[in-house]
Amino acid sequence: MFRLPSPAVSLSVSDRGDLVAASDRATTLIARAGREPASVSPPDGGHVDAVAVSPSGRTTVITGSDDELVERRFTSLFTEDLTRTDHGGLSERADTVVTTDDHVLLLDGAHGEWERRSVADWSLLAGSRIGFGVSNHGHAVSADGGFLTYTNGSGTIPVWGADRPSDHDTPPRTARAPIAEPLAITLNADATRLAVAEDATIFVSRVREAGAVPEDPVRLTGADHVNTDGLRFLGTGGQKLVSAAGSRVVLWDLDQTDRIGRAAPVPVSAGCSGCGPPTLAVSPDGARLVAFDGAGVAGVAGPLDAVGRLPALTFSGRYGPAVWDRDGRRVTVLVVPPAGGTTAPVPAGLPDFVRAVSAGERSSEVLDAALSSDGAHVVAVQQDGGIDVVDLATGTVQAVTEPPTAPKPPDVAVAAAGPDLVAVVAGDAVVVREALTGQEVGRLAATDVGFLEFAPGRLLVQRTSGELEVWDDRLTERRQVIAGDPGFVRPPVANADGTLVARVRADGTVVLVDLETGTPVASLAAGPPGRRVGVGFSADGDHLVTVTEGDGLDLGSAVSRTLSAEAMVLAACRTAGRDLTPTEWRALVDAEPPDDLRCR
């Protein structure tokens, strides 16, 4: 486009990219698409400190000082046809300038003096001197010139509006980040988000009214130490961030949960205060999702990348577990009576690949269900502890066993269904039965069981303490104990080949554990703290999907992660831009590296 005689010290571009202004202090060039660059000079000589272009490109501003008389400062405005108007400047050096077509904001980043002036007549709209002080680690102005901030290393970061005088001690807005020696700070276009970098960590915080309950910032890690002033929001939404670290420029997408996750909105809301997490079933190839809220009254079914655009499936009864056929062509959803009812209606308007089967006629809920080992049946455990089997060819339901105790059994709160076996907590014991005959084949005395889960050849018994015991599936041998704590408040979910188990904490974090060794291999953020999270694996083991419930009017979120080593290497390579070292892999992916880390 053009070349300056010396390295540029200031650069600005219009929103459409059709006008660029740059200066090396002595020479300033303004280049419009399709035209030769125009050189403009400071009035009466001198040098340029900063340049700014309005979003439309109709206004260009340069500021600077007289070389011989430093206190003589200037601000020059140029229209589209380069008509020039010269004005005075701040009492100190204005090293930050933001302009729209209506106003110009000048800021002395060393001391905090600022002015907001009208482009039309240069009248003063607002101005103040904040007094940044000696512990000034950086400052920033929003893209519209409406807000400004700076950091002295405090965990509370002030944000002022540029429409009234600024009081250093009582900022109207604040953001929070655990910093001490930050290197860069930036505001998004409307000052609703602030990002600040310290060492190799970037903190992204919501800007709140002063005194509001603060939120924990998002931590972005995995890049090198961010350069001084090397941080900018991209665009106007505040969802994308660019950082400069050494010679690398990194793009961060805040809509992306992590480097291997792809998120989509999903119409799954909070079921009720006492309900469990969302329930979900992922198709064998990981392409389609069926998910219901914790109350079982609404959900969604469709392609995973389009569920946010599909209507919610509401229901007068309640949706129970969903089980995919082995070939992934159809999913069977077990439906149960509404609260207080005795008959389970069949919902209408379901997608063609979804079949609803009435279940729970005998009790109020189906606790768990699984595809039988022959692929011809769905095995279901009722809340009264009885076993039902659904014939997938006919859709008929057969009761295999009556409840474990009679005549009036207590409700069973904990149960698991596997391809050949079911397990329930009955009284003071875990009882394992054959799925198709109901014959008891295992028993374990226990009174503190929180959850049960089958994995191939194993039964996982999660204690209320959070410890996860791995038994053979008939409870004859305890093979290992995986450490835990009371923060694990959701059922563990094993993948189809029994190599991994996903454990969900109360804060929504999903911890993936190697079932052979008991070693945690990854920790994944699933959603905002306080939201309940459901987890599911695809049958091929390559996809992990989490569904986080919505809150109020907010939609929930479905996050799909491809867990194959090849996919994770590709994601890490895109971030690093080259082959990776094992140390870099651990930083980028938060997991032990595969044998081959070469980028292809």
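The values are calculated or read from the model by the stated rules, or taken from the named source; none is laboratory data. Not measured: the values here are computed from a predicted model. Cβ atoms come from the backbone with ideal geometry, glycine included; neighbour counts cover every protein chain shown. The area values use the complete protein model at the heavy-atom level, side chains included, leaving out ligands, DNA and RNA. Shrake-Rupley method; radii C 1.70, N 1.55, O 1.52, S 1.80 Å.
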How far apart, in nanometres, would the label points at T83 and R262 be if each is projected 7 angstrom from Cα along the Cα-to-Cβ direction? 5.2
Between R72 and A212, what's the calculated FRET efficiency when r is the beta-carbon distance and R0 is 56 Å? Round to 0.05. 0.80
Given points 7 Å out from each Cα along the Cα-Cβ axis, report the D285 to D163 separation in nanometres with one decimal. 5.3
With everything on Cα atoms, drop me the angle between helix 565-576 and the longest principal axis of the chain, reported from 0 to 90° to the nearest 10. 10
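For the chain, what is the percent of antiparallel DSSP beta bridges, rounded to the nearest 5? Spell out each step's value before the answer.
Numbers: 165 of 171 bridges.
Antiparallel bridges make up about 95 percent of those DSSP assigns within the chain.
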If I ignore ligands, DNA and RNA and count only protein heavy atoms, how much of V389 is accessible to a 1.4 Å probe, in Å² to the nearest 10? 10
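Based on the Kirkwood radius over alpha-carbon pairs, what is the Stokes-Einstein translational diffusion coefficient of the stretch 206-356 at 25 °C with 0.890 mPa s viscosity, in µm²/s?
Numbers: Rh = 18.7 Å.
Reported coefficient: 131 µm²/s.
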Given H placed 1.01 Å from N in the peptide plane, which residues other than close sequence neighbours of G64 have an amide H under 5 Å from its amide H? D49, F74
Could you pull the accessible area for W114 with a 1.4 Å probe, rounded to 10 Å²? 0
Can you tell me the length gained on complete extension of the stretch L11 to W122, counting 0.36 nm per residue apart and subtracting the Cα distance? 37.7 nm
At 4 °C and 1.567 mPa s, grab the translational diffusion coefficient of the stretch 177-223 from Stokes-Einstein with a Kirkwood Rh over Cα pairs, rounded to a whole number in µm² per second. 116
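What is the sum of charges around E467, taking Lys and Arg as +1, Asp and Glu as -1, for the other residues whose C-beta is under 10 Å from the C-beta of E467? Walk me through the numbers on the way to the answer.
Values: positive: R463; negative: D448, E469, D485.
Within the 10 Å Cβ shell, the charges total -2.
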J(HN,Hα) series, the stretch 101-107, from Karplus relation 6.51 cos²θ - 1.76 cosθ + 1.60, nearest Hz, glycine and proline x: 6, 10, 8, 10, 10, 10, 9
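Starting from the exponent 0.38 and prefactor 2.2 Å, build the expected Rg for the stretch 119-274 from its residue count and divide its actual Cα Rg by it.
Details: Rg = 17.1 Å, N = 156, 2.2 N^0.38 = 15.0 Å.
Its radius of gyration relative to the 2.2 N^0.38 Å reference: 1.14.
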Counting pairs of alpha carbon atoms under 8 Å apart in space and at least six apart in sequence, what relative contact order in percent does the chain give? 7
Can you give me the pair-distance distribution of the stretch 214-300, C-alpha pairs, 10 Å bins, whole percents? 13, 30, 26, 21, 10, 0
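Please list the equivalent ellipsoid semi-axes of the stretch 1-144, computed as the square roots of five times the alpha-carbon gyration tensor eigenvalues, in descending order and whole angstrom. Don't jump to the answer; show the numbers that get you there.
On the way: eigenvalues 107, 58, 45 Å².
Each semi-axis is the square root of five times an eigenvalue, giving 23, 17, 15 Å.
Just how many % of Cα pairs in the chain lie over 31 Å apart, if you round to the nearest whole percent? List each step's numbers first, then the result.
Numbers: 105708 of 179700 pairs.
Roughly 59 percent, rounded to a whole number.
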Could you sort E92, E549, E215, E516 by accessible area so the largest value comes first, with the probe set to 1.4 Å? E516, E215, E92, E549
Using a 1.4 Å probe and ignoring any ligands, DNA or RNA, find the accessible area of L500 and quote it in Å² to the nearest 10. 30
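Is it possible to state the helix-based mean residue ellipticity at 222 nm for the chain, with each DSSP H run of 4+ residues giving -39500 (n - 2.57), the sum divided by total residues, to the nearest 500 deg cm²/dmol? What is it?
On the way: 2 runs with 20 residues, N = 600.
Computed ellipticity for the chain at 222 nm equals -1000 deg cm²/dmol.
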I'd like the per residue volume of the convex hull spanned by the Cα atoms of the stretch 405-531, given in cubic angstrom. 110
HN-Hα J couplings of the stretch 187-194 from phi, Karplus 6.51/-1.76/1.60, θ = phi - 60°, integer Hz, Gly and Pro as x? 10, 7, 4, 10, 6, 8, 9, 10
How long is the gain from T396 to R598 if the chain were fully straight, where each residue apart is worth 0.36 nm and the alpha carbon distance is subtracted? 67.5 nm
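Over all directions, average the projected area of the Cα convex hull of the stretch 194-246 and note it in nm².
Numbers: hull surface 16.6 nm².
Over all viewing directions, the stretch 194-246 projects a mean Cα-hull area of 4.1 nm².
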In the stretch 290-332, if every C-alpha pair distance is counted and binned at 5 Å from zero, what percent goes to each bin? 5, 22, 27, 25, 17, 4, 0
Spin-label point model (7 Å from Cα, Cβ direction): what's the T236 to D374 distance in nm? 6.3
